[in-house]
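Written below as structure tokens is the structure these notes are about.
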Amino acid sequence: MQGLEALGDFEAAYPLAVDVAQQQNDYRTWRELADKYREYDQNSQAYLAAWQAAQHLNLEQAYRDFLKLRSQSPLNAQAIHAVYQLTRELDTIQAYLRFMNDFSNTPEAVQALLRVHEIAFQRAKKKHDPEVYDAFVQTFTGAKQIPQVIELAYTSEQASLKAEINGDWYNLLNKFYVDENRERVARRVFNQARDAEKNNKLLAAERKYRLLDEWEAFKDTKAYTEHLDRQERLDYRQRQAKRAKQRAQQIETLRKAVVETVKNQHAALRQEVRLQGKRMEEALLMHNKMLKQQFSALGQQLDATNQRMDRKIGQVYDDMGNALNQVRHQVNAQVGAISNAISAQTAAMQQAAAHANYQQQQLFDKAKEEQRWQSQKNRRCAAELARKGKYGFWSSCP
């Protein structure tokens, strides 16, 4: 089998690989076979065997690994459900959150979220603390337990305040102690509600205002009276704001009506302007026609005047042209005489320059000849002087 795989003949090696897998019959072997021979596993024998082996193991890791084989397989839904069943056995918020993160678009993810809400709700009930209930509402905004949680937070804080007001059995018999304590607790609840409202802790603020409004223990306290006064002021401001809004709406309606009236008047004025404009256009056309006739007559007069001026200007140009021609002939004659004189002078100067160059060349040749003769003489004398010193004969050279 390995030899056929090495040669690339996976089709021939597939039956042998199936035999080996059937002998070992474990998830890892069937899984590797289904992945390696994906092309040749036509009837999904290896894939189905891997699924049966994963079910036999019943491990989350095996199901998650099986999901990697084929992304569009119908068995994937069963594998996800199996993972959810194992998550249910753990039954922890962390396990459910991990499942929701990995399989967010499945029906089981909704069930996991509901179970997270239920577990968190049971934990909050064990704490039975208003702040814990508030944290539940803020964390799980869509939980179905929210109305119940809000009510439990109310009853929890009410019970805590009741115990604080009444104290022990001895103090419960002391009416003065209870009244004083009730006033102090009501004042604190009122201040806490206002602080929570300022800090945008709306759940706590609403619960504490509700305690002041609904609990009989606070009805005859000064804090409750201040709360009513404050509520009345707020209601008055809201009514004033509502009236201001209504007035603004009325003003806006009036403004729209005025705008509509102005638009209608503007449309009527535009129509009147169009009629006046049309009349003015007709008058302007008539006026332009008359001006055109007048301009035409003036144009004819100007054309006749221009013709007379053109004739006079032509005569003047002709006279000036004749005079200029005469002057041009005289200037040309004088220029010709000057040019001839300059040519003669230039020829004489060129001849003199040629003669001077000739004489200079003669002198240069003569000097050159004398230099050559002197050079020969010097060489000859040098030779004679050399012989004279050696042989002692006479020489004419000094």
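Take the residues of region 215-230 that are within 18 Å of Asn166 (Cβ to Cβ) and open to solvent by 70 Å² or more (accessible area, probe 1.4 Å): which is nearest to the chain's Cα centre (by Cα)? Result: Glu216.
What about Ile146, is it more than 20 Å from Lys201 (Cβ to Cβ), open to solvent by less than 60 Å² (accessible area, probe 1.4 Å) and aliphatic (A, V, I, L, M)? Spelling it out, it is not the case that Ile146 is more than 20 Å from Lys201 (Cβ to Cβ), open to solvent by less than 60 Å² (accessible area, probe 1.4 Å) and aliphatic (A, V, I, L, M).
Contact map, region 146-160: first residue closer than 14 Å to Tyr209 by Cα and free of Cβ contacts under 8 Å to residues at least 60 places away in the same chain, second residue open to solvent by less than 50 Å² (accessible area, probe 1.4 Å) and not in a helix (DSSP H, G or I), Cβ cut-off under 8 Å, separation 6 or more or different chains; pairs are Gln158/Trp215. Checked against (1) assigned to a helix (DSSP H, G or I); (2) in contact (Cβ under 8 Å) with a residue 12 or more places away in the chain; (3) of a type in the set (A, V, I, L, M, F, W, C), Leu69 meets all criteria but (1). In region 161-201, the residue that is farthest from Val149 (Cα to Cα) out of those that are modelled with pLDDT of 80 or more and exposed (fewer than 12 other Cβ atoms within 10 Å of the Cβ) is Lys198. Residues that are under 55 Å from the mean Cα position of the chain (by Cα) and among the aliphatic types (A, V, I, L, M) within region 250-296 comprise Ile251, Leu254, Ala257, Val258, Val259, Val262, Ala267, Ala268, Leu269, Val273, Leu275, listed in sequence order. The set of residues in region 226-263 that are closer than 30 Å to Phe190 by Cβ and of a type in the set (Asp, Glu) comprises Glu226, Asp229, Glu232, Asp235.
Taken over region 202-214, the criterion of being over 12 Å from Arg188 (Cα atoms) and either open to solvent by 30 Å² or more (accessible area, probe 1.4 Å) or in contact with a His (Cβ under 7 Å, 6 or more places away or on another chain) (or both) is satisfied by Leu202, Leu203, Glu206, Arg210, Asp213, Glu214. Here region 98-121 is the region considered, the condition is being small (Gly, Ala, Ser) and assigned to a helix (DSSP H, G or I), and the residue that is farthest from Arg64 (Cα to Cα) is Ala120.
Residues checked against (1) out of contact with any Pro (no Cβ under 6 Å at 6 or more places or on another chain); (2) at pLDDT 80 or above; (3) open to solvent by less than 100 Å² (accessible area, probe 1.4 Å):
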residue: Gly321; (1), (2), (3): yes, no, yes
residue: His329; (1), (2), (3): yes, yes, no
residue: Ala341; (1), (2), (3): yes, no, yes
residue: Ala352; (1), (2), (3): yes, no, yes
residue: Arg372; (1), (2), (3): yes, yes, no
residue: Lys377; (1), (2), (3): yes, yes, yes
residue: Leu385; (1), (2), (3): yes, no, yes
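Pro74 passes every criterion in (1) closer than 28 Å to Leu90 by Cβ; (2) touching a residue at least 24 places away in the same chain (Cβ under 8 Å); (3) open to solvent by 80 Å² or more (accessible area, probe 1.4 Å) apart from (2). Within region 92-142, restricting attention to residues that are over 38 Å from the mean Cα position of the chain (by Cα) and open to solvent by 90 Å² or more (accessible area, probe 1.4 Å), the residue that is nearest to Lys201 (Cα to Cα) is Glu131.
The values are calculated or read from the model by the stated rules, or taken from the named source; none is laboratory data. Not measured: the values here are computed from a predicted model. FYI the Cβ positions are ideal-geometry reconstructions off the backbone, even for glycines, and counts take in every protein chain you see. With ligands, DNA and RNA removed, areas are computed over all heavy atoms of the protein, side chains included. Shrake-Rupley method; radii C 1.70, N 1.55, O 1.52, S 1.80 Å.
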